[in-house]
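Report on the following structure.
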Amino acid sequence: MPATLAAMVVLALSAAAGTAQADVAVRGGAAVSGLLSSDRDFRPYLGYEVDLLQRVGYPQYGPQLSVSWNTQLLGFLSVRPEFGFVQRGYHLNQIRLYNSSYKIRISYLELPVMLRVGLPHGRVRPGVAAGSYVAYRLAAVGRLMDRGETVTRAIPTVRSLDYGVVLGLDTEVVTPGGRLLFDLRLNWGLADIMRETDGVIPLHHTPGRVQVLSLGLSTGYGF
C-alpha cells in the first residue's frame, strides 16, 4: 500500500508540474472527527475493555496540514491534488460514576484529488469542490483512562488504508503577493478501517463496519 500511495503522489505532482498554470498552496487547520460503527459495538475491534466505555461517544479534534497543486483547466474549473497529514479519532466515555474513557487517535498521510468550480475573477473568489481521497495510516493509538490511571498503546486492528469522498466550500482572497485561502471540508470515509481483534471471543453476530467521518476548517496561502 505505501508503494501505491507514493505512485499516486508522483503522478499528481507530475500532472501539476506539467502545466504553466499550476500554483502551489499550503494549508493548516483542525478537524473534528468520529468513527461510525454500523452496529455501535467496538468490542470486536478494541477488546472487552471498552464494553461499558462505548455507552457514550464524542468526536475528537485533530490537526491537518497539507500542500496542494492547483491546475486551471478552464476559467471556472480547476483540479487540485493535495498531500498532507491529518489526525482522526473518537472518544468513548463511560457513565459518570466510573470516570473512565478511551480515546482513539489515528494519524494518516492523506491524498485528496478534487475538482473545484469557482469564480475566476475578482478579489474574493468563492468556490465549491468535490473529489475523493486515499489515506495511509501512520499510527493508531488508544489511550485508556481509568480511575486516575492512563495506559497508552498501539491499536493493531486499524487497517493501513482508508478512502472516501470529499466535499468542500472555499474562498480565495487575492492579495498583492498571492492568495489567502479559507476552506471548510467534509470527508466521508467509505472503507471499513478496522478488523476484528484476535483477543476477543467472536460475538453472536457479524461485526459491522467502522468508517471515518470528519469536518475540517483550515486557512492557508497560495503562491
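Every number in this text was worked out from the coordinates using simple rules, so none of it is lab data. No experiment lies behind these values; they were computed from the predicted model shown. A quick note on method: Cβ atoms are made from the backbone with ideal geometry, for glycine too, and the neighbour counts reach across all protein chains shown.
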> Separation between the LEU215 and LEU36 pseudo-spin-labels, each 7 Å from Cα along Cα→Cβ, expressed in nm?
Replying inline: 1.3
> In the neighborhood of ALA191, defined by Cβ-to-Cβ distances under 13 Å, what is the net charge if each Lys or Arg adds +1 and each Asp or Glu adds -1?
Replying inline: +2
> Summing +1 for each Lys or Arg and -1 for each Asp or Glu, what net charge is found among the other residues whose Cβ lies under 9 Å from the Cβ of VAL141?
Replying inline: +4
